[in-house]
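Just so it is clear, none of the values below were taken in a lab; they were calculated from the coordinates. All of these numbers come straight from a predicted model, not from anything done at the bench. All Cβ positions, glycine included, derive from the backbone under ideal geometry; neighbour counts span all protein chains shown.
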Amino acid sequence: MELIDGKKIAVKVKQELADEVNRLKANGERAPHLVAVLVGNDPASETYVASKVKACQEVGFKSTEMRYSADMTEEQLLAVVDRLNRDTDVDGYIVQLPLPAHISEEKVLMAINPDKDVDGFHPCNVGKMVTGLPAYLPATPAGIVELLKRYDIPTQGKHCVVIGRSNIVGTPMAVLMSRKGRHADCTVTLCHSRTQNLKEMALQADILIVALGKPQFVTADMVKEGAVVIDVGIHRIASDKTKSGFRLVGDVDFEQVAPKCSYITPVPGGVGPMTIVSLLQNTLEARKGLS
Ligand code: NAD
């Protein structure tokens, strides 16, 4: 069994991005500029935005955090989006979700200029991804593809089972793995909460990608010997073995499952670090133009 070290790969990709920024600057061009819009003070969102800003600094990108109180109106947020769409100094921006209940996430996402939509959530980018056109790919699935690439894990002709069909992880993951290409070309099964015989489905997977949001849900009896297991889930559970009284686990029961795998991502340190790196890659693309 080999551990897929997302932390190590993320450091490597960030170094490559920093080198690219230096090349741009040496050619007299400006560094990529990412803006993060944060409405309200949801603690998890604050943490995510802070780590995105920190990652930008690490690679030499310009980053701006725009903070607004939770009682801002939808109209006010749409005006911010409109300004960002027109600001030529901004290459890409994200509106951190979730938004307060009185603001329509759909309306806001639809208002983002697809050319600056570095989260890849706009239907225009989703459509381009599905048809294989150059597009900003959603960060978590793109990070997973990058891990498979960097470890040169064979995917062509393999059976990939994805558990979870969210718009940000499971569904785009299934699309990317089924596309043509050296690090794709899988036969894909997409499982979800209404899937019958989930265990039988999972047992058929050469590559099992788990994103259902339930701690340690996938157990050893659901995994084929030699499978590649990618664990997207992240949960804090009580532990009497740590000082904090908590530990992080994924959607996979790592201790039980790992011995059966050819490759597996740990939690933390697997998929998580790659998500932010993908956002940086999209922002660089936004600066240079999608290719
Ligand atoms: P979500 O809640 O939006 O979607 C969960 C999906 O799992 C749904 O499509 C649902 O149909 C499916 N599901 C639920 N119960 C199921 C069951 N018993 N059997 C089969 N399918 C079932 O979740 P999400 O946003 O896709 O996130 C999934 C997990 O990944 C969460 O733990 C989340 O915290 C984590 N996550 C991690 C990262 C990262 O960067 N590491 C990024 C995004 C999400």
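Quick notes on this structure:
- Farthest positive-ward along the chain dipole, Cα basis, beta-carbon charges - from LEU78, PRO134, PRO154: PRO154
- Extreme residue, positive dipole direction of segment 61-161, given options LEU97, SER69, HIS122 (C-beta unit charges): HIS122
- Between LEU109, LEU147, LEU198, the GNM of the chain built on Cα springs shorter than 10 angstrom shows LEU198 fluctuating the most.
- Only Lys, Arg, Asp and Glu carry charge here, each on its Cβ (+1 for the first two, -1 for the last two); on that basis segment 90-148 has a dipole of about 100 debye about its Cα centre.
- Residue-count net charge about PRO215 - beta-carbon cut-off 10 Å; Lys, Arg +1, Asp, Glu -1: 0
- Calculated FRET efficiency, ARG179 to ALA220, Cβ-Cβ distance, R0 = 35 Å: about 0.70 to the nearest 0.05.
- Approximate spin-label separation GLU200-ARG236, in nm, with each point projected 7 Å along Cα-to-Cβ: 4.0 nm
- Counting DSSP beta bridges with both ends in the chain, the antiparallel % (nearest 5): 10 percent
- Per-residue HN-Hα couplings for segment 22-33 [Karplus 6.51, -1.76, 1.60; θ = phi - 60°; Hz; x = Gly/Pro]: 4, 5, 4, 5, 4, 8, x, 9, 7, 6, x, 10
- Magnitude of the charge dipole, the chain, Cβ model with Lys/Arg +1 and Asp/Glu -1, debye to 20: 500 debye
- Here the contact order of segment 1-105, divided by its residue count and restricted to Cα pairs under 8 Å and six or more residues apart, works out to 33 percent.
- With the highest mean first, a sort of the peptides 133-143, 24-34 on other beta-carbon atoms found within 10 angstrom per residue produces 133-143, 24-34.
- As a proxy for reagent exposure, ranking PHE121, PHE254 by other Cβ atoms within 10 Å from fewest up yields PHE254, PHE121.
- Over the chain: helical MRE at 222 nm, DSSP H runs n ≥ 4 each giving -39500 (n - 2.57), nearest 500: -12000 deg cm²/dmol
- Highest-first arrangement of 112-119, 57-64, 243-250, 204-211, where packing means the average Cβ count within 10 Å: 204-211, 112-119, 57-64, 243-250
- The chain: Cys lacking any partner C-beta under 4.7 angstrom: CYS56, CYS124, CYS191, CYS261
- Around ASP119: net Lys/Arg minus Asp/Glu count, Cβ-Cβ under 15 Å: -3
- Per-residue Cβ neighbour counts within 10 Å put TYR48, TYR68 in the sequence TYR68, TYR48, beginning with the fewest.
- Of VAL80, VAL252, VAL37, the one that fluctuates the most in a GNM where the chain has Cα springs shorter than 10 Å: VAL80
- Stretch gain in nm, segment GLU65-SER51, where the contour uses 0.36 nm per residue and the Cα spacing is subtracted: 3.9 nm
- Volume per residue of the C-alpha convex hull in segment 33-144, rounded to whole Å³: 107 Å³
- Summed side-chain charge close to GLU75 - residues other than GLU75 whose Cβ falls under 11 Å, Lys, Arg +1, Asp, Glu -1: -1
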